[in-house]
Amino acid sequence: QKEKNVFMKAIDRQSNNLLNLVNQLLDFARLKADVDTPQWRNGDIIPHLRMLAETFLLYAQEKNINLVFHSEVTHQEMDFIPSYIDKIVGNLLSNAIKYSPKNSTINFAVSKETTNTLCLRVSDNGQGIAPEDIKHIFELFYQGQQTQKVSGTGIGLSFTQMLVKKLNGTIDVKSELNKGSEFSVTLPIKNKTITYIAPLVEISKPTNNDEKPINNDEITHEENSGKPIILLVEDNPDILMYVKSLLKTNYQIITAQDGEEGLEKAKKHIPDLVITDVMMPKKDGFEFCQEMKQSELLSHIPVIMLTAKIADQDRLEGLRHGVEAYIRKPFQAEELLIRIQNILENRQLLKQKYIGAAAHNSDEKNGLDDDNLAFLQKINTIIYSDLSNPNINASFLADKMMMSLSQLSRKLGSITGHSTVSYIMQVRLGCAKRMLNLGTMTITEIADSCGFIDSNYFSRAFKKEFGATPSQYKKES
């Protein structure tokens, strides 16, 4: 069995290499034939480059290589094609890692050469390139003497140069045998050949007030009524601020820098959605997600993972821990925004289904989350056990559920769309409606049994909810 697994892994590795080669050849052919229709975008390229570096950091660590990203500029608005940048930087970094020895360092540096150009430099202290090979390395299928010692196809650098030219830039190389190589890509900040370039994402420009640090623990939900609360858990401050800038217009944002802090913030604020990284100190994304899903207070909250860990086993691990969506870094801002919107809209559609299923103690789950349904049924059991008591209120339920008032309100609201007081009323009226259908009790008796202080109050509440007074409903049914 062990030998079989080794062969299976070898076949899988070789098939993936073949697939990547075919994809590169197809991409190369499309570029050469000028039939590719890439989407230019205008936006801050620095977070995009930082996420790319983070993606290759894991690959470098596996080979005991130190990959260092450094940018002389904090923000740089420019015109670029995200998919082309991914492939350019990806080819340069993967080559540098491939040809560097263990315990060496690779530097990925970003600088502004002039007011109109940005330079990306990837340098290593690896085996270097022979002088006679330098002038040929961008030729298709060319492999120098040093390159032939490591598996390769001679496509990557030629493809990279073509992509750089499509971005109206230049690529240069400096190298010395046994000392290392440096590849420099210089790109124009503005594309003057296109009149309109769509923004990377529609976000509001930061103001001075926006840039001030926020004490998230002081945020009150009333200050941004109607805005869903999103918790961002990310240890990289630049990526954290970038994602926050994408979301702050339409969502109320809380941030944490590791899984431990993330759990504390989640318990305090009960967010509508969590976005987290996988690789974090103290408590990684998987541990963080697992503890959330095991918590009665937090189990209902959907989680999106943004990560550089792209292996299938990592993605499956995330799904096993209840992750709603798994997005690879670097990600398109539009993809993140659409995923968030879809998840929150789907949760909205489920709210009435949860109320109905919980009210009838239905064993028919219909695809609903068992933990959410169990939570509602626990709430309902508490209310049913003393239904005739008009003093059952939010404080009574919170005490029984061993939660604070705000925690109960946020969780109940996230699942049902109702405040605690409103939900208690929903349960009372639902019971009253079922009693009216049975026809064995008077309206006054039903009002008393369901905890209404008098039949007039019961009649007004019933009509508001169902559009008819209890007596009218009884006649029609």
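The values are calculated or read from the model by the stated rules, or taken from the named source; none is laboratory data. None of the values given here were measured: they were computed from a predicted structure. All Cβ positions, glycine included, derive from the backbone under ideal geometry; neighbour counts span all protein chains shown. Heavy atoms of the whole protein, side chains included, go into the accessibility calculation; ligands, DNA and RNA do not. Shrake-Rupley method; radii C 1.70, N 1.55, O 1.52, S 1.80 Å.
To put it simply, the accessible area of region 365-439 at a 1.4 Å probe is 50 percent carbon and sulfur. Count Lys and Arg as plus one, Asp and Glu as minus one, and take only other residues whose Cβ is under 14 Å from that of SER388; the net charge is then -3.
Note on SER111 and SER295: with the Förster distance fixed at 41 Å, the Cβ-Cβ geometry gives a FRET efficiency of about 0.35.
Peptides 424-434, 42-52, ordered by how many other C-beta atoms sit within 10 Å of their residues on average, highest first, read 42-52, 424-434.
The candidates PHE159, PHE396, arranged from most to least accessible area with a 1.4 Å probe in the full protein assembly, appear as PHE396, PHE159.
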